[in-house]
Each structure stands twice: as C-alpha cells, then as structure tokens.
C-alpha cells in the first residue's frame, strides 16, 4: 500500500516512459528503441518490435581500453550504426531491472543527447502488459549523431577528492553489499572497498520487483534516501 507521503511525481518525469506510451509511439519515424541487454542475452530472446541491439556490453566502456566510458568518436560510430541522429527520441530498455538501460541513458546524456528516456519496467513490464514482441532484428538506416562531452555530467576523481568527507557531499555506492564492504573480490574493481564516507544503497532497492521491475514510487525512494542522510541540499555522486 502506498502511503500519502509516498505518493507524488518524479522530479524529471520526462526521463521515464511507460510501456503504454511506447506502444502508442512505436512506429514514429523519429523514435529509436535500444535493447540494452548484453548482445548474448538480447539475441536469444524476443525483443520489442523495431528495437535495435546494442553491439557492445552495455557498460559502454572505452572500446580500446575496456575502462571508463567510450570516447566521443567511439560513441558516435556505435550510435550512428544504431540509427540515432541528433533529433532522435531514444528509449532504452533492458530485462534486468533497468540498470543497464540507465547506463546507456547516462552515456547519451553525458554526450549531450537530452532526448533519451528509460522504459519503466523494461521488457518485463512490456510483456506483462501484453504488448507484442518479435525475434527478427531489422537493420536500421544509419544516423548522423554527434557527441559533445559535458564535463558537468561526470565526476572524475580529481573533482571528487576535495569533496571527500565534506558534510554536503555524499558518494552513493549502488553496488552489491559485498563490493561496498570489500568482502568478495570483483575482477571489475581495481581496488576493494568503497570511497571514504560513502553511503551504500544497492540499486536494487529502488526497483519494485513485485511490480514488473518498475521504479518504486517517488515517495518510497525519497524516504529511503533520507534514511541514509541523502537530501536535496547535498551533492550526490552515485557509483
């Protein structure tokens, strides 16, 4: 049951679209739907009609070094091949709770593409509502997307270091508890443990797993953040 305090609207509702909205706009020529699961997952199951498959792992690392984020040039090549142009409305989805779709959303946003949203509930919610799927991948017409870095949309270590242990700064660690605590080595991490002063809330806590992997109501998310001392007056860097 959602309490009165938990009711409300998201601060940026344009960053989320519902399956019903997507079903109504699926054939719009200015829309591109990206399946953000790893290719080895996406190619073995049905997908949303007209969707395109991300050709690399959705962490979207630098394709030469395997770390960080893909360069502007690398990102342009990938997105253009997926049929994305500067005026394209992009909707990202996955089948794993939204974390992979959110990563691609962030990459596009970091490179200046503001017309991008995440499908609330992803493929799970889409199928639960009875919307159609298909198994054939249709090659898109190439796009002409250009990437422009926005340094204010990423927090590099040299930016964060002066903020560490300041009262108005919160590093938000959304990884699994074992990664935060450093109790189980992960090859993907260069070092074990967490940033000094970090607050741990695993990303899974923001997902309503009983409601087809949609985001939890805004109030429930706000309450969880406030419990951890994360309020709107603080600078928050999730990682």
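Nothing in this text is a laboratory measurement; each read-out follows from the coordinates by a stated rule. Remember, predicted model here, so these are calculated numbers, not experimental data. Every residue, glycine as well, gets a Cβ built from its backbone with ideal geometry; the counts of neighbours run over all protein chains shown.
Quick notes on this one:
- For the stretch 145-239, the average shadow cast by the Cα convex hull is 8.7 nm², which is a quarter of the hull's surface.
- Of all DSSP beta bridges in the chain, antiparallel share, percent nearest 5: 15
- Proxy reagent accessibility, fewest Cβ within 10 Å first, across 48, 16: 16, 48
- For the stretch 42-131, the relative contact order comes to 26 percent (Cα pairs under 8 Å, sequence separation of at least 6).
- Degrees between helix 99-110 axis and first principal axis of the chain (Cα, 0 to 90, nearest 10): 90
- Its residue count N fixes a reference of 2.2 N^0.38 Å for the chain, and the Cα radius of gyration divided by that reference is 1.04.
- When all alpha carbon pairs of the stretch 13-151 are counted in 10 Å bins from zero, the resulting P(r) reads 13, 48, 34, 6, 0 %.
- Between 0 and 90 degrees, the angle of helix 72-81 with respect to the longest Cα principal axis of the chain falls at about 30 degrees.
- Cα centroid of the stretch 165-219 to Cα centroid of the stretch 95-133, whole Å: 20
- DSSP beta bridges fully contained in the stretch 155-238 are about 25 percent antiparallel.
- Shown for the stretch 45-113 is the translational diffusion coefficient from the Stokes-Einstein equation, using the Kirkwood radius over Cα pairs, a temperature of 37 °C and a viscosity of 0.692 mPa s: 259 µm²/s.
- Residue order for 177, 59, fewest other beta carbons within 10 angstrom first, comes to 177, 59.
- Fewest-first sequence of 179, 129 by Cβ atoms within 10 Å of each Cβ: 129, 179
- Scoring 111-122, 193-204 by mean Cβ neighbours within 10 Å over their residues and listing the highest first yields 111-122, 193-204.
- Between 0 and 90°, nearest 10: helix 218-227 axis offset from the chain longest Cα axis: 30
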